[in-house]
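Worksheet for the structure shown next.
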There are 2 protein chains.
Amino acid sequence: MPSGILETILYAEDLEAAEDFYCHVLGFKVFSKQHGRQLFFRCGDQMLLIFNPNATVVPAPADSRLPVPVHGALGHGHVCFRASGVEISSWRKHLEDKGLTIEADFEWPQGGRSIYFRDPAGNCLEFAEPRIWGLE
Amino acid sequence: MPSGILETILYAEDLEAAEDFYCHVLGFKVFSKQHGRQLFFRCGDQMLLIFNPNATVVPAPADSRLPVPVHGALGHGHVCFRASGVEISSWRKHLEDKGLTIEADFEWPQGGRSIYFRDPAGNCLEFAEPRIWGLE
């Protein structure tokens, strides 16, 4: 089986709004970007890639050196970032200070807290303690 | 900024086909599942969660103990798993032996190989060497 995930993908049609949010609210630094198509961030030992689905559903030219297959989804995706209990409290305050709505905030029956909020594209973002999955 | 990603999400309407594929082709073991709604796998130090978007767009009951917000996307998502160059060659042979089509297989200009294929829902899956991102 695969040893780990290298790239996690979200979609956003407005990549400028996404860049502003992920950089200025969540503190990411742009790894690379291509106007109107993609916006890449490093997150820990992997990558968070945000694509404009209107661009990625267009096939690469037949003679492309890099024939990346088409992909792209519409709707509201979901990603969860790892955080300790203390970090989640800090994130909640920080996100509210930035004017965001915390859509949910609860403890799981098995122990561990999650908070949920939205990026500008409506993707459902979460901070959770790894112990909700028995992870460290 | 977030220290890492805890949950990566894909969507599939046919979760039985997804379970068969992720378990018998990719070698995952089911962490937990809920018929018609979700199918969860551990992958390294994080989780790969596959949801039926028709179920996750339905709001939780107002009095729910676990008011997980709605999410759900239609189309073809994308996830990339990490693998060494040697592992990618093994995966290619294994996937072809299972009857899958390798949709693309190339070296990136910065060094490192990617192969692409599809899950039964049409999600675009990839194995890539972490060095394509300067990661180990």
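Readers should treat all values here as calculations from the given coordinates under stated rules, not as data from a laboratory. Keep in mind the model is a prediction, meaning the values are calculated, not measured. Neighbour counts run over all protein chains shown; Cβ positions are idealised from the backbone, glycine included.
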Problem set entry | Where labels lie 7 Å past Cα in the beta-carbon direction, separation of A:Glu87 and A:Asp20 in nm | 2.7
For this session: Distances from A:His35 to the same position in the other copies: list them in nm, one decimal, shortest first, using label points 7 Å from Cα along Cα→Cβ.
Result: 5.4
Exercise. Once both labels are modelled 7 Å past Cα along the beta-carbon direction, what's the A:His35-B:Val30 spacing in nm?
Worked result: 5.0
Seminar exercise, completed: Here FRET efficiency (C-beta to C-beta, B:Ala62 to A:Gln110, R₀ 30 Å, nearest 0.05) is 0.80
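Which percentage, to the nearest 5, of the DSSP beta bridges contained in the protein assembly as shown is antiparallel?
Counting only bridges with both partners in the protein assembly as shown, antiparallel ones make up about 70 percent.
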Problem set entry | Between segment A:75-98 and segment A:18-38, the alpha-carbon center distance in angstrom | 17
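Applying 1/(1 + (r/R0)^6) with R0 = 25 Å to the Cβ-Cβ distance of B:Ile102 and B:Asn54, what FRET efficiency is obtained, to the nearest 0.05?
Result of the calculation: an efficiency of 0.25.
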Problem set entry | Whole-Hz ³J(HN,Hα) from phi, Karplus 6.51 cos²θ - 1.76 cosθ + 1.60, for segment A:85-93, glycine and proline x | x, 5, 5, 5, 4, 5, 4, 4, 5
Exercise. In segment A:45-132, which trypsin sites (Lys or Arg not before Pro) fall in coil by DSSP and have 14 or fewer other Cβ atoms within 10 Å?
Worked result: A:Arg65, A:Lys98
Exercise. Which one of B:Val57, B:His78, B:Leu100 is farthest out on the positive end of the charge dipole of segment B:53-136, using unit charges on Cβ (Lys, Arg +1; Asp, Glu -1) and the Cα centre as origin?
Worked result: B:Val57
Exercise. Karplus couplings for segment B:45-60 from phi (6.51 cos²θ - 1.76 cosθ + 1.60, θ = phi - 60°), rounded to Hz, Gly and Pro as x?
Worked result: 9, 9, 10, 10, 10, 10, 10, 7, x, 5, 8, 7, 7, 8, x, 5
Problem set entry | Inter-copy label distances at B:Ala60 (7 Å, Cα→Cβ; nm, one decimal) | 4.1
For this session: Calculate how steeply helix A:15-24 sits against the longest principal axis of the alpha-carbon atoms of chain A, using the helix alpha-carbon long axis, and give the answer as 0 to 90 degrees to the nearest 10.
Result: 40
